[in-house]
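One structure is given here, and the rest of the page talks about it.
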Amino acid sequence: MNRSPETINLLLTRRSLLAAKLVEPGPTQEELQTILRCGARVPDHKGVNPWRIQVADRATQDTFHSQLPSLHSGNPASLEKTLSKEAKTAPLLLIVSSQTTSDRAPRIEQLLSGAAVCQNIIIAAAAFGYRSQWLTEWFAYSDKVKTLLGIPTTEDIIGFLYIGSESEIPKERPRPDLSQIVSKLQLP
Ligand SMILES: Cc1cc2nc3c(=O)[nH]c(=O)nc-3n(C[C@H](O)[C@H](O)[C@H](O)COP(=O)(O)O)c2cc1C
């Protein structure tokens, strides 16, 4: 393997940006194809390819967001928060789901592979100079939303990935102290 200090630097400095703060331009078609290829190139136990990626442009996002009120049930405050903060149209939205129907690999591994798709997409987008935000909120877990998106209710939505250019540079946020999460394995 070739060494890639740029990749290490990107991993150590990348930050998300709120969907509401993502502006034009978004990835070109050529960049998008590369981002998608990176997304589809993840560890996948038994090669079951459980994931699906839907691409939504601004117009489609507008339609999607406008339908959220009729699909929402429960606390009205959470819908209000979604509409004012999260469900904000960005230059590009990728919806990653995982169908986890194969019995060749444990279900959790098919979900985790879908998470790897999301992370690869975010990293690839960052390598092209774009910011992103990985959202789920209530709408990732709503059967009504899945039905609207043509996703079987047996399938899991792993992430709504909003992607675009930065309107501001986000400040770093606290990261865990490695000593709190890493330890030397001690066997009895
Ligand atoms: C599976 C998953 C779901 C997430 N869902 C939301 C969400 O619904 N709303 C939200 O504000 N942040 C959500 N986040 C967190 C953001 O995507 C992001 O991690 C956070 O804003 C800080 O990111 P950074 O460390 O990449 O800068 C989610 C993260 C993950 C991994």
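The values are calculated or read from the model by the stated rules, or taken from the named source; none is laboratory data. Since the structure is predicted, the reported quantities are computational estimates derived from the model, not experimental observations. All Cβ positions, even for glycine, are placed from backbone atoms using ideal geometry, and neighbour counts span all protein chains on display. Heads up: the accessible areas ignore ligands, DNA and RNA and are worked out on the full protein's heavy atoms, side chains in. Shrake-Rupley method; radii C 1.70, N 1.55, O 1.52, S 1.80 Å.
In a residue-by-residue description of the range 84-97, the property of being part of a loop (DSSP other than H, G, I, E, B), among the basic types (Lys, Arg), within 13 Å of the ligand (Cβ to nearest atom) and touching a residue at least 12 places away in the same chain (Cβ under 8 Å) applies to at least one position. When the range 147-162 is filtered for residues that are in contact (Cβ under 8 Å) with a residue 40 or more places away in the chain and assigned to a helix (DSSP H, G or I), the ones remaining, listed by number, are Leu148, Leu149. Scanning the range 110-121 for residues that are of a type in the set (A, V, I, L, M) and either open to solvent by 10 Å² or more (accessible area, probe 1.4 Å) or under 10 Å from Ile158 (Cβ atoms) (or both) yields Leu111, Leu112, Ala115, Ala116, Val117. One residue stands out among those in the range 59-78 that are touching a residue at least 40 places away in the same chain (Cβ under 8 Å) and part of a helix (DSSP H, G or I): the one that is nearest to Trp138 (Cα to Cα), which is Ser78. Exactly one condition in (1) outside any strand (DSSP E or B); (2) away from the ligand (no atom under 15 Å from the Cβ); (3) surrounded by 11 or more Cβ atoms within 10 Å (Cβ to Cβ); (4) in contact (Cβ under 8 Å) with a residue 24 or more places away in the chain is not met by Ser165; state its number. Among (1) outside any strand (DSSP E or B); (2) away from the ligand (no atom under 15 Å from the Cβ); (3) surrounded by 11 or more Cβ atoms within 10 Å (Cβ to Cβ); (4) in contact (Cβ under 8 Å) with a residue 24 or more places away in the chain, the lone unmet condition for Ser165 is (1).
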